[in-house]
Amino acid sequence: MRRLRSTLALAACLALPGVAPAATDAGYLPPETLVLQAIAAHPQVQAAAAGARRAEAEARGLAAGAHEPTLSLMSQQRRVHGGLDYREYEAQLTRGVRLPGKARLDRELGRLGREVAGLQLADAEHQAARLLLAQWMEWLRAEGGVAQAQAQLELVQRDRDAIARRVTAGDAARRDLDSAQAALSQAHAQATEAAARCEAARIALRTTFPSIPLPGRAPALPEPVADDAGAQLHIDHIVSRSHEIGAAEREAERLDRAALRARAERRPDPSVGLRWLDERGGEERSLGVVVSIPFGGAARSATADAQRASAEAGSAMAESMRRMIQREAEQTVRHADAAWRLWRDSRQALEAVRASTAKVRRAYALGEAGIAELIAAQRQEQESALAESDARANALEAALLIRVDAHELWHDAGDNDA
């Protein structure tokens with residue numbers, strides 16, 4: 001029963017539903033058109049897009065200003081002792097007036113708010129691209145593990161069957177069959193574990209990016225190629241095109257303008273209006289101009305000081321963001337080089353182990369080695385093959401991450417000028 005469950009789990013992971021995507025510049029990646037659509041549909045990107053629309057509306061509001069006309073109407077009945085009664089009316093229309101310089105600052109605040117939101121949207125797309133790369137490569141790693149486990153299971157199964165026939169013929173001891181059976185049970189367990197990892201990776205990819213179909217069989221991973229470009233060039237591209245740095249710098253600039261705007265608000269805006277009176281039943285009428293001038297106090301000064309402190313904090317945060325991106329860019333580039341070298345060493349180790357296993361298998365066929373030696377050699381070869389497969393995927397992913405962070409992969413062409 002346990003063998004049956006292992007076989008079914010492997011079959012389920014190897015026969016995934018979906019249509020094989022067309023090849024891109026890297027045939028093991030999904031088509032770029034589907035990738036861009038999936039990124040745009042990601043909830044975090046949708047939220048950032050809504051934030052950009054909100055910033056656009058707020059910019060229109062800042063340009064228009066907060067002051068709106070206010071109309072006041074009053075009707076009253078005047079009674080004169082011993083005289084006549086009169087119906088009287090009063091109306092007043094007033095509107096605040098922004099002092100010179102405040103409108104310009106408001107427009108700049110709106111413009112910078114739009115730029116910050118646009119950069120945050122671009123960064124949300126970038127983070128979704130990184131997430132998709134990580135989940136796609138994890139699925140490919142898991143598929144490689146399934147393939148390795150399946151190959152090992154078939155090999156151990158053949159060995160166990162061959163030893164069983166030899167035991168029946170009297171050419172092998174019963175303990176050899178017990179050892180082969182134990183190795184087969186272990187291979188089944190490893191196959192089950194690999195299938196579970198594959199299923200988990202497939203579910204993560206399917207739920208996070210449901211619009212990207214998985215192929216019926218995972219594409220083969222090519223051998224990683226050493227990067228001939230200079231590491232510093234990659235680092236400079238990543239830093240110069242970082243939306244996170246751009247958004248932090250624009251936000252610092254916006255906070256600086258907000259501090260200037262708060263300082264200007266220490267001189268409150270006056271209100272200007274017209275007042276119309278109709279008294280004594282229309283016998284007296286008047287039209288006048290009304291001007292209201294508030295006096296700024298300690299509250300406005302405190303608000304200006306608080307905004308200035310926020311502006312200073314924003315500048316510090318922008319510098320902190322630049323340093324963080326610089327550090328992460330260097331780590332990403334150095335990690336890619338280390339990952340390639342690790343794959344190269346893993347491949348050399350796998351070749352050596354395969355040669356050693358072949359010798360042990362020949363020795364076992366000639367009766368010069370026991371079943372325990374053969375099982376140990378085959379297990380070491382499987383572990384080396386799995387290590388090489390993981391190292392291959394890791395090296396490819398590290399190289400692709402440089403391209404994603406430099407906005408050369410899965411980004412609009414205009415992002416390279418960010």
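The values are calculated or read from the model by the stated rules, or taken from the named source; none is laboratory data. Computed from a predicted structure; not experimentally measured. Quick reminder, even Gly has a Cβ in these numbers, built from the backbone with ideal geometry, and neighbours come from all protein chains shown. The area values use the complete protein model at the heavy-atom level, side chains included, leaving out ligands, DNA and RNA. Shrake-Rupley method; radii C 1.70, N 1.55, O 1.52, S 1.80 Å.
Please work out the Cα center distance from segment 301-339 to segment 129-191, rounded to the nearest Å. What the calculation gives is 50 Å, centre to centre.
Distance between the modelled labels on Ala173 and Ala372, one decimal in nanometres: 0.9 nm (7 Å Cα→Cβ projection). The label-point distance for Glu88 and Arg362, in a model that sets each label 7 Å from Cα toward Cβ, rounds to 12.1 nm. Ranked by the mean number of other Cβ atoms within 10 Å per residue, highest first, peptides 27-35, 68-76 order as 27-35, 68-76. Take the Cβ atoms of Met317 and Glu58, set R0 to 35 Å, and the FRET efficiency comes out at 0.95.
Applying 0.36 nm per residue to the separation of Ala226 and His335 and subtracting their alpha-carbon distance, the gain on full extension is 38.0 nm.
Distance from a point 7 Å along Cα→Cβ of Arg107 to each backbone N in segment 255-274: keep the residues under 17 Å and list them by number. Those under the cut-off are 257-258, 261. Of the accessible area of the chain, with the probe set at 1.4 angstrom, what percent is carbon plus sulfur? Exposed carbon and sulfur together represent 54 percent of the surface.
Remark: the chain carries 55 Å² of accessible area per residue (probe radius 1.4 Å; ligands, DNA and RNA excluded).
A Förster distance of 22 Å, applied to the separation of the beta-carbon atoms of Leu277 and Glu68, puts the FRET efficiency at 0.40. Normalised by the number of residues in segment 114-210, the average gap of Cα pairs under 8 Å and 6 or more apart makes the relative contact order 41 percent.
Our estimate of slack between Arg354 and Glu154, defined as 0.36 nm per intervening residue step minus the Cα-Cα distance, is 70.3 nm. Compared with the alpha-carbon gap, the fully stretched path from Ser211 to Arg266 is longer by 14.4 nm at 0.36 nm per residue. Comparing the chain with the 2.2 N^0.38 Å rule of thumb, its C-alpha radius of gyration ratio is 1.68 (two decimals).
For the options Ala183, Ala196, Ala162, a Gaussian network treatment of the chain with springs between C-alpha atoms closer than 10 Å singles out Ala162 as fluctuating the most. Entry note, the chain: relative contact order of 24 percent, from Cα contacts under 8 Å with a spacing of 6+ residues.
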